[in-house]
Each structure stands twice: as C-alpha cells, then as structure tokens.
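What follows is a short report on a single structure.
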Amino acid sequence: MHGRIKVRTTEEQKILKDKENKRKICAYKKGMAYILSSRKKDSYDPESFSISSQILLLNPHVYTLWNYRKEVILMEIQKCCNMENELVKFLEKELDFTQQCIYNSPKCYSTWHHRYWILENHPSPNWDNEYTLCLKYLTVDDRNFLCWDYRRLILNKTGLCLEKELEFSTDRLNINFSNYSSWHYRSTLRVLNADTLENELNLVQNAVFTDPYDTSAWFYFRWILNHKEILREKRKEVLESLKN
Amino acid sequence: MGSILKDVELKENIPTTVIFSKHIEFLTDYGQQKESYEAVMTDYLRMSGMYWCLTALELINTSPFPKNDIVEFIKSCQDTESGGISASNDHDPHLLYTLSAVQILCLYDSLDAIDLEGVTRYVASLQNPDGSFAGDKWGEIDTRFSFCAVATLSLIKKLDVINIDKAVEFVKSCMNFDGGFGSRPQSESHAGLIYCCVAFLSITGKLDIVNQDNLAWWLCERQLPSGGLNGRPEKLPDVCYSWWVLSSLAMLGRLHWIDRNALKKYILACQDIETGGFADRPGDMPDPYHTLFGLAALSLLGLESIEKVNAAFCMPQSVIDKLQIHIQMLQ
C-alpha cells in the first residue's frame, strides 16, 4: 500500500463501505470460480474471458488471470493458423485491453509483460507504434521505470538511432533537469570520447548551476568528471569553478 | 525548471518508541481476517503477505499462529507438476511465492513438509542461457528473480543445481554508471533492485564485483532532511526503502554512512499509534509489508528489543545461523 492517506470515516460511512466491499468480494469470488472452472476445460469461453477483463481492469496484479489469457491466446493462435486476419483482430483487441489497464495502473509489472508477450506472439507486430506509445506514457510520468524498461525492449526490436535517442534524452532534460531517468539513459547511450565529453560536461554543468539542490545531475557530473579522457587541469578548473 | 525538494515534514507529536503490543495486535488481526476485503483482494500475493506478517512477528519474538495450519496451507500451494509454489490456492506457481514459502518453512523448521526436489527442479528450470531468471514459465526477466532463485536454493542447500557463473554474469551486466543495479541490463538503478542484486552477490559470495564506495555513496544520498530514505533520486521517502537501502549498505560495510538517529526518528514516526503497524509515510495507511521492513530496518539500526535480522535474507539471524548459512559482508 503506497501513498494511501488514512481518512477518518463516520460509523455511517463505514457501514456503507462494508456493504459495498461485501458486494465486491462476492462478485470477485464468483468471477474467479467461473474462470477457474472454464480454464480446466481447456477451451475458450468468451464469458470467462470477459469476466477476467473486468477483474483485471480493477486489479491488474492478479497475475494468474494474465496467465489464463495467455493460454487463451495460444489456443487462438492454433485455431487461426490459416486465418491470420482473425488472429490479428483478436490480438489487437488484447493489445487495446492492456493499454486500458496500463492507463489505470501504469506501475504493474504483469500488464507490461503481457503486452510484450502478445507482440512477441503477433504475426506482424508494429514495434514503431509501441515506440510512440512509450513517448506518450513518459510524457505523463517521465520517471516510470517500467515504461523506460519496456521502451528498451522495443528498441532492441526496432534498432536504435543514437542521435535520435540522444535528442530524446536532451529534450526530456530540457523539460526537467531533475529527471534522473534521462541522465541514466544518457549514460547507457554514449560511448564517451574526447569529442563528445565537452558537450556533456557543458550540459551537466549547466544543470547543476541551474539548480544546485537537485541531486540528479550531480551523479552524472561526477561520472563525467571521472572519465579518463578528462585532463587533470580541466578537472581542477571545473572543481574550482564550483567553489564560487 | 528548478525542483521542489520532495520530502515530508515530521510533526511534533510523533511516536518515538516502538509500540510493540500494538504491532502484535495489528499483525495478528491481519493474519486472522481471511475474509476481509483487503485479504480477498490481495489473495494474489498471500504467500508473501504471510511471510511479511510472520517474519515481523518473529522479529518481535511472537508466533501466535498454529504452525500446522501454515505448513498445510503452503503444502496445498505447491504445484505437483512444476514443483513451484503459488501465492494462494487456485493461483499459478511463481518464483516470488516459492521464495516466500521456503522462507516461512525455514522460520518453522519445517522444510521437509514440501517436495524440495520439486522446488529445486522448478528454480533450475527458470534459468536462461544468459544466466538470467524468469519469474515463471511465461518468461518475464528481472534481477528480482535472480535473487529469488539463489535465496531459495541457498535456504534448501541446492545452490549447485544452477549455473552460478552465468547468473553472476547477468547480474553484473545490470550494473550502471552510478554503481547501482536495475531490473535488466541498462535499466535505471533502483534501491529495491540494488538490494536484490547486492543480496544475490552476498549469497553467492561475489560481492567483490561491486564498486563499493560508488554504490554506497548513491545509497546514502537516498537520505532526506526528514531522515527517511527514498528509492531513487528526487522521490519521496518511504519506510520500505529504509530496508532496501540499509540492508545493502550493511552488506557493503557502509552502514555508518547514514545518519542513524534521523532515520530511526523517521521510521518510528511512520507507526500508526491507533491500530499498530507501519505505513510508508507518517499519516498513511499501515500494512504488513511496511511493518516488516520498518522493524527489520530498526533491527539493523541496532534496536536491542528487536531480534537481529540477516541483511540478505530478511529473516531472523538465529534462523540463518541454525541453517548454517554464511553470507558475504564487505568490510
């Protein structure tokens, strides 16, 4: 339970809440029992699939239900081996569904993994679309490490254009210098050399001067300053300038 | 563009001692209410929930629940085919819950109750050629699972069934410019994942590969003016990071890089004086997860009224000693 503020309730509110919770427990249990019985039959039951959607939309952490959906997808793949259109339609619907779940709970490991798993089993995955989707999610929360991790998986598929990625990182930093995720990302992108060091040093110096109390840039600053290509004199000069 | 410091302010009337009797009440109630809304809705992690509650209770020298019921429940969650253990009945086996189950059985000296060969087979089956581990048969890769794998196997004395060198190689490939670790290669450093990787290296005796002071600096920079620790730069403090950060620093031999008194004050302030239990931040809802990690962190800070905790396993040191398991700790 993270960030849930304790709220005081009156006796009346508590009774209402308990009643509502009892209803939810009952529906959840009934739904789970239905799904489990249809899962044992090893066949696709649309009713059961739809109940699992309702539960996952509210609680995407119920990992067993994602497993159940993967089993259904594998059945559909077998069934549709000569009808790719049908299969693609089914998978696209499932992708839309994960998008809704990610929108509701952007920090659920199971949902992100499920989405990647669908694409891995998709006859014609649109990786570029995923790339755009990540940008959209990172605009909402530029520190969501699950989204950054997902983006890295996608780039492994599409291939990475170094300049484009560097620009992406710079853009994110220009919006917010304290975006540690972006500093980290830079460290994974660039093979630092004598030509590029100066530019990186300027960027990060600018960041720490803009807001010296923000801790993010300092880690990158220290890393750059420790680079073997930075001459002793240069390091001394930079460190001196910090004293002012 | 400037940032506002993300932290909380501690109020005047905060608890300054551990309210043990309230915590026992809180954890015992939690364990008994199997039909409450919270319990039903978190059924998907029940095995870990039990580990949090039972370990927290052991750390304060209490075991109110009948051992047999717990052991029987764990037995009923083992999948006969794969050998893995699920979070609860009617859920699927997963490495996360396999570790929690094995940890509980160690607390109760009842490892023989389950099919240990099955557990061994399950964990070994999840290692990939690159050394990484999947959480279950569906293939999600994460350094959390590398930790779960070696912690489980170490507790049942079967570490030799996996390729340790490859497993270490994978964890090493997740090391970052700041000395920290993320969930996969090139993933951002995160205190929870740093704990997983440092504990993994401590259990396998390969801590020498870390950049000790670089990593310890990043970790001690997690402390905020309130005394609390966050999990990444520019994030709010949270009691669970008191554990992830502090245990990592303990394994790295740099526990003294933290202002212990300030941290202790913050953790104590996160207790709920009405219901018992610890929350992530003062004034939030308490839960067993933060209660275990709050108590475990206080144990590392040297509070004598709490049992000594093992930094890699987050279990009472006496249990680890009895199993004759030794972890590596740097000086």
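For the protein assembly as shown, the dipole from Cβ point charges (+1 on Lys and Arg, -1 on Asp and Glu) about the Cα centre works out to 380 debye, to the nearest 20.
Placing unit charges on each Cβ (+1 for Lys and Arg, -1 for Asp and Glu) gives segment B:146-274 a dipole about its Cα centre, and among B:Ala250, B:Met175, B:Cys148 the Cα reaching farthest toward its positive end belongs to B:Cys148. Both radii come from the Cα set of chain A: Rg as radius of gyration, Rh as Kirkwood radius; their ratio Rg/Rh reads 1.12.
When shorter helices are ignored and each DSSP H run of at least 4 residues is given -39500 (n - 2.57), the per-residue value for the protein assembly as shown at 222 nm works out to -18500 deg cm²/dmol. With each label modelled as a point 7 angstrom along the Cα→C-beta vector, the A:Lys234-A:Tyr34 pair spans 6.7 nm.
Computed over the Cα atoms, what is the radius of gyration of chain B divided by 2.2 N^0.38 Å, N being its residue count?
Working: Rg = 19.0 Å, N = 331, 2.2 N^0.38 = 20.0 Å.
Computed over Cα atoms of chain B, the ratio equals 0.95.
A Stokes-Einstein calculation at 25 °C with viscosity 0.890 mPa s, built on the Kirkwood radius of segment B:8-105 over Cα pairs, returns a diffusion coefficient of 166 µm²/s. Partner shielding of B:133-143 amounts to 3, given as the average count of beta-carbon atoms from other chains within 10 Å of each residue beta-carbon. A simple spin-label model places pseudo-atoms 7 Å from Cα toward Cβ; at A:Leu162 and B:Ile209 they are separated by 2.6 nm. Coupling constants for segment B:273-279 follow from the phi torsions by the Karplus curve (6.51 cos²θ - 1.76 cosθ + 1.60, θ = phi - 60°), and in residue order they are 6, 7, 9, x, x, 10, 10 Hz; glycine and proline get x.
Quick check: net charge around B:Thr62, other residues with Cβ under 11 Å of its Cβ, Lys/Arg +1 and Asp/Glu -1? Once all neighbours under 11 Å are counted, the net charge is -3.
All other residues with a Cβ under 11 Å from the Cβ of B:Leu116 taken together, and with Lys, Arg as +1 and Asp, Glu as -1, what is their net charge? Taking every other residue near B:Leu116 into account, the sum is 0. With a Förster radius of 35 Å applied to the C-beta separation of B:Asp90 and B:Asp165, the computed FRET efficiency comes to 0.35. A:Met1 to B:Glu304: FRET efficiency via 1/(1 + (r/R0)^6), r the Cβ-Cβ distance, R0 30 Å, to the nearest 0.05? Efficiency, from the Cβ-Cβ distance: 0.55.
For the residues of B:177-188, the average number of beta carbons from a partner chain within 10 Å of their own beta carbon is 6. Once the dipole of chain A is set up with Lys and Arg at +1 and Asp and Glu at -1 on Cβ about the Cα centre, which of A:Tyr180, A:Tyr109, A:Pro212 lies farthest towards its positive end? Checked the options; the winner is A:Tyr109. Once the convex hull of all Cα atoms in segment A:28-123 is built, its volume per residue stands at 81 Å³. Under the convention that each Lys and Arg Cβ holds +1 and each Asp and Glu Cβ holds -1, the size of the dipole of segment A:28-123 around its Cα centre is about 440 debye. The ellipsoid equivalent to the alpha-carbon distribution of the protein assembly as shown has semi-axes of 36, 32, 25 angstrom, derived from the gyration tensor eigenvalues as √(5λ) and listed largest first.
Values in this text are rule-based calculations from the coordinates and carry no lab data. Remember, it's a predicted structure, so these values are computed and weren't measured experimentally. So basically every Cβ, Gly included, is an ideal-geometry build from the backbone, and we count neighbours across all protein chains shown.
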